[in-house]
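Asker: Below you will find the structure I want to go over with you.
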Ligand code: SF4
Ligand code: SF4
Ligand code: SF4
Ligand code: FES
């Protein structure tokens, strides 16, 4: 059976792929059909009826947004009858819609305003009894029920893309409203995507409300600087007063095709307002010239990473960045077996997957972009998703189909069991088959707590899947046996239909790992910190010896989880010195930082494209035309799998270093709107075992480190492992995330 359907729209011959709707095909062929409730990234809401068309031989109107064409059908999109139908729909929308356009946040970019003008609704012959509909304050989000047109876009996006499923329609004719699901107040991950998709001013950002008009704001296209998801966004800026500096007023996204989490949307004010003077510049130069090492974080651009690498060569110093070094080590080991430098998967591969395994990451908070891609796969493709982790995550419960709860520390064994199940019929080399034949499956199953039935269930549920993805996270990358686990991931990717995504921990971990020659961090003197603490600290954060701009004050590139080199631009200007100024003073010269963009290493897959030549847009069909994808690089592959070591046991009180929703690092910690929960969060079972109660001040000791925190009982957590945040900078985040601890109540 052909996969293509031939039919006509307005007399033009067009083709539809099976599964496409009349509206999608019309849009592809630039034929306009008005809509009010349609969003490309969800299933049709089908609530507005604006998209009606006529189909030859069919009585009445057809909804183009949820109707697939049939072979040979003739569709008409514009007739007097359709015009009248749509105009009447607009009149019904306008009945009692308050005339608040003068103060409404949406004015100037409101779909209702636009279509009221488009259909010339200048008078009204319908009427309805005025209703009192309450305004709600849901923290970061405000809901003005009287403005709501019940299009249901917010409900669909929350359920089908984000996965929270936190809101629903309370039906009641003209008194229908949007309400939090199963709760009095909105209790969700506050991504703000419902605000983005709302066509009118019903859902708004509480912070932005009444602060500016849409037409006063300048838009700066950029890449989110909080995690490696590389989400495209626009910083909307305006001067704060007649003589004031520019400020970011809000962040927006192309919600038809992309989504943001709340950190990207609400955590935009992390710019550095501190500027260093000439004396500080000379001290910073002196510190660099006499340094033995630079310790730095991955919250930098590729160009900055390149400058640090040049400084290493020029000044003969070491470069410390444990986060990127561990990622580098993992990927080198992966390459030594896969013969490829870069992992094969991407966020798009996840969205299109019908089967996925997520292992070694609390993905909903580690990388929301991956979570949303998994939600899309689950809702739209019915993907079977296995979530392998020692801790259940309530945020993933609507999305996953199987929880594989393994024992802390046994990741190498779990990966071997997964590989053994997936590659049972694969055409492996003799030595590779020998490795699997030699596995002590009984021991691995018993120690990791992964039963044979669980693996069988997984394989059965994956039986028909065509597009499979293996997603591995930081617990694997920072594991002491990460090199062998990387080879196991590589062999799965090599001999099965699984693509692989190795989730980078920070915004540019991947870029830094490709650009910098890194050394193992040591406790030596004369270390200069770059966005990291050291003897002399150069930073875009507070408490630095020398200040530099933050990532929303710089242009440059990052490498995202998709292996995509993404440009970002200056949202707010910075009047001080940059790393490039300092490097130039130390003999590493370029005119501008972005002069290095075209010089990034070809052997790592970078292309010779000048920064200003990089594309930065999404096509009208949502294709990502930002930057470029790294070239694949073929590596020598002669490594073999190593024998699995005895699996470690983690007994006693265990904590897991994991941030709360919307917090990632010191930059999100600095922003005004994002909540800062620095408590240790644990279940009632954990509290009983550790002999602590909700609200207790506690002291946590692990290795040689002691922390004081408050304990918070979290009813959504289960089991005996508590969650310790790292965004407040009390720990480096590159360690193995499970830790044996001693916890005492502080009295
Ligand atoms: S903020 Fe996000 S999670 Fe919360 S209701 Fe809106 S779409 Fe759903
Ligand atoms: S709040 Fe906005 S997006 Fe949600 S139903 Fe109302 S108008 Fe539509
Ligand atoms: S998912 Fe990551 S990249 Fe996307 S908006 Fe959130 S923090 Fe930013
Ligand atoms: S776009 Fe089809 S019903 Fe709204």
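Each value in this text was obtained by applying a stated rule to the coordinates, not by laboratory testing. Just so we're clear, the structure is a prediction, and the values are computed from it rather than from any experiment. Virtual Cβ from ideal backbone geometry, glycine too; neighbours counted across all protein chains shown.
Asker: In percent, what relative contact order does the range 1-155 have, based on Cα pairs under 8 Å that are 6 or more apart in sequence?
Answerer: Details: 209 pairs, mean separation 33.4, N = 155.
Computed over the range 1-155, the figure is 22 percent.
Asker: Here is a follow-up. If you restrict to DSSP beta bridges whose two residues both lie in the range 653-745, what percentage is antiparallel, to the nearest 5?
Answerer: Numbers: 15 of 22 bridges.
Rounded to the nearest five, the antiparallel share is 70 percent.
Asker: Right, something else. Determine the shape class of the range 326-502: with a ≥ b ≥ c the square roots of the Cα gyration tensor eigenvalues, call it rounded for a/c under 1.5, and otherwise prolate if a/b is greater than b/c, oblate otherwise.
Answerer: Working: a/c = 1.33, a/b = 1.24, b/c = 1.07.
Here the range 326-502 falls in the rounded category.
Asker: Please give, to one decimal in nm, the separation of the simple spin-label points placed at residue 592 and residue 496, each 7 Å out from Cα toward the Cβ.
Answerer: Simple spin-label model gives 4.7 nm for this pair.
Asker: Rank-order 247-258, 519-530 by packing density, defined as the average count of other C-beta atoms within 10 Å over each peptide's residues, highest first.
Answerer: On the way: 247-258: 19.6, 519-530: 16.2.
For the peptides 247-258, 519-530, the packing ranking is 247-258, 519-530.
Asker: Another question, if that's okay. What share of the DSSP beta bridges in the range 672-716 is antiparallel, in percent to the nearest 5?
Answerer: Taking every DSSP beta bridge within the range 672-716, about 65 percent pair in antiparallel fashion.
Asker: Sticking with this structure for a sec: How much space per residue, in cubic angstrom, does the convex hull of the C-alpha atoms of the chain take up?
Answerer: It comes to 185 Å³ per residue, whole-number rounded.
Asker: Now for a separate question. Once Rh is set to the Kirkwood radius over Cα pairs, what Stokes-Einstein translational diffusion coefficient, in µm²/s, holds for the range 653-745 at a temperature of 10 °C and a viscosity of 1.306 mPa s? Write out the running numbers ahead of the final one.
Answerer: Values: Rh = 13.3 Å.
It diffuses with D of about 119 µm²/s by this estimate.
Asker: What is the spin-label model distance, in nm, from residue 290 to residue 81 if the labels are put 7 Å beyond Cα along the C-beta direction?
Answerer: 8.8
Asker: Does a label point 7 Å from the Cα of residue 730, set along Cα-to-beta-carbon, have any residues of the range 702-719 with amide nitrogen under 19 Å, and which are they?
Answerer: Answer for the range 702-719: 702-714.
Asker: Right, another one. Given R₀ = 51 Å, FRET efficiency for residue 170-residue 542 by Cβ-Cβ distance, to 0.05?
Answerer: Working: r = 45 Å, r/R0 = 0.89.
According to the calculation, E is roughly 0.65.
Asker: Can you tell me which of 684-696, 421-433, 309-321, 557-569 comes out highest on packing, and rank the rest after it, using the mean Cβ neighbours within 10 Å? Walk me through the numbers on the way to the answer.
Answerer: On the way: 684-696: 16.2, 421-433: 13.4, 309-321: 18.7, 557-569: 25.4.
Highest mean packing first, the order is 557-569, 309-321, 684-696, 421-433.
Asker: What FRET efficiency comes out for residue 643 versus residue 182 if R0 is 45 angstrom and r is the Cβ-Cβ distance? Round to the nearest 0.05.
Answerer: 0.35
Asker: Now for a different question. Tilt of helix 278-289 relative to the longest C-alpha principal axis of the chain, in degrees (0 to 90, nearest 10)?
Answerer: The two axes meet at around 50 degrees.
Asker: If I take every Cα pair under 8 Å that is 6 or more residues apart in the range 326-502, average their sequence separation and divide by the length, what percent do I get for the relative contact order?
Answerer: It comes to 35 percent, rounded to a whole number.
Asker: Right, something else. Taking the Cα atoms only, what angle lies between the long axis of helix 482-495 and the longest principal axis of the chain, rounded to 10 degrees?
Answerer: Helix 482-495 and the main axis of the chain meet at about 50 degrees.
Asker: By counting other Cβ atoms within 10 Å of each Cβ, how are 619, 734 ranked from fewest to most?
Answerer: Working: 619 9, 734 24.
With the sparsest Cβ surroundings first, the list reads 619, 734.
Asker: Hey, what angle do you get for helix 452-461 against the long axis of the chain, alpha-carbon based, 0 to 90 degrees rounded to 10?
Answerer: 40
Asker: Using label points projected 7 Å from each Cα along Cα→Cβ, tell me how many nm separate residue 480 and residue 12, to one decimal.
Answerer: 6.5
Asker: Looking at the chain, send over the antiparallel percent of its DSSP beta bridges, to the nearest 5.
Answerer: Working: 58 of 98 bridges.
Here the antiparallel bridges make up roughly 60 percent for the chain.
Asker: Using just the Cα positions, wrap the range 4-78 in a convex hull and report its mean projected area in square nanometres, one decimal place. Working shown, then result.
Answerer: Working: hull surface 18.2 nm².
Over all viewing directions, the range 4-78 projects a mean Cα-hull area of 4.5 nm².
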